[in-house]
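Step one of this worksheet: look at the structure below.
The values are calculated or read from the model by the stated rules, or taken from the named source; none is laboratory data. Here the structure is a predicted model, which is why all the values come from computation and not from measurement. So basically every Cβ, Gly included, is an ideal-geometry build from the backbone, and we count neighbours across all protein chains shown. Ligands, DNA and RNA are excluded from the accessible area calculation, which covers all protein heavy atoms including side chains. Shrake-Rupley method; radii C 1.70, N 1.55, O 1.52, S 1.80 Å.
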Amino acid sequence: DAMVIQNPRYQVTQFGKPVTLSCSQTLNHNVMYWYQQKSSQAPKLLFHYYDKDFNNEADTPDNFQSRRPNTSFCFLDIRSPGLGDAAMYLCATSSQNRGHTEAFFGQGTRLTVV
Amino acid sequence: AQKVTQAQTEISVVEKEDVTLDCVYETRDTTYYLFWYKQPPSGELVFLIRRNSFDEQNEISGRYSWNFQKSTSSFNFTITASQVVDSAVYFCALRAGGYQKVTFGTGTKLQVIP
């Protein structure tokens, strides 16, 4: 049973055209994360939500935004995708009640910018 | 600041050989968690193990074993009798300090040759 679900698995967007990636979870975890992973690199944290509190990493470009309308869903908005934004985007969750331990990841969305 | 070093970029072994993946971490926090994740070609990050800083017991799970040594700040991962299905990128990761952020190493790509 999938616990962290990302849609779509593959997304192609045009240069400069806004795109939204979605993530949902059935774990009822209070923390949700978005990571960017470029080819042959480690995942890089973009931002996370601790409950409704948004926490942006200092080096995350303004081009990246996020929304969390409720516990189960989180969205990544890329306002004007550039060629350099082509990457795998990974959503993850973790639970405060479990002592902030391991994060559970979705299957990722591979974004192509043309 | 947290840092995770995986010095081995790529490793190739012949099926049934044992292989050890190295991980060295840096943190000033006394409470922290270490993780190993597996990333197969399909892209999702699969959680393998969690260790907290107060538990130095080594762990064995089937063909997998982990050696945590605080004295050398290492958390190494051994696969015994490797199989082709073990081929993947393996990431070591650290959560410390603010608890929300997980720092990943750069990953070790393991190729098991039949």
Unique match (being away from chain B (no Cβ under 12 Å), surrounded by fewer than 16 Cβ atoms within 10 Å (Cβ to Cβ), closer than 24 Å to B:Lys3 by Cβ and of a type outside the set (Lys, Arg)) among A:Asp77, A:Asp59: A:Asp59
Listed residues B:Val14, B:Val46, B:Val24, B:Val102; which is over 29 Å from A:Met32 (Cα atoms) and in contact with a strand residue (DSSP E or B) (Cβ under 9 Å, 6 or more places away or on another chain)? B:Val14
Considering only residues of segment B:64-114 that are of a type in the set (D, E, K, R) and modelled with pLDDT of 95 or more, which is least open to solvent (accessible area, probe 1.4 Å)? B:Asp86
Of all residues in segment A:20-42, which are open to solvent by less than 10 Å² (accessible area, probe 1.4 Å) and either within 26 Å of A:Gly84 (Cα to Cα) or of a type in the set (Ser, Thr, Tyr) (or both)? A:Leu21, A:Cys23, A:Met32, A:Tyr33, A:Trp34, A:Tyr35
Can you pull out every residue in segment A:23-50 that is away from every other protein chain (no Cβ under 12 Å), not in a loop (DSSP other than H, G, I, E, B) and not aromatic (Phe, Trp, Tyr)? A:Cys23, A:Ser24, A:Gln25
Apart from one, (1) within 14 Å of another protein chain (Cβ to nearest Cβ); (2) farther than 27 Å from A:Ser40 by Cβ all hold for B:Asn58; the odd one out is (1)
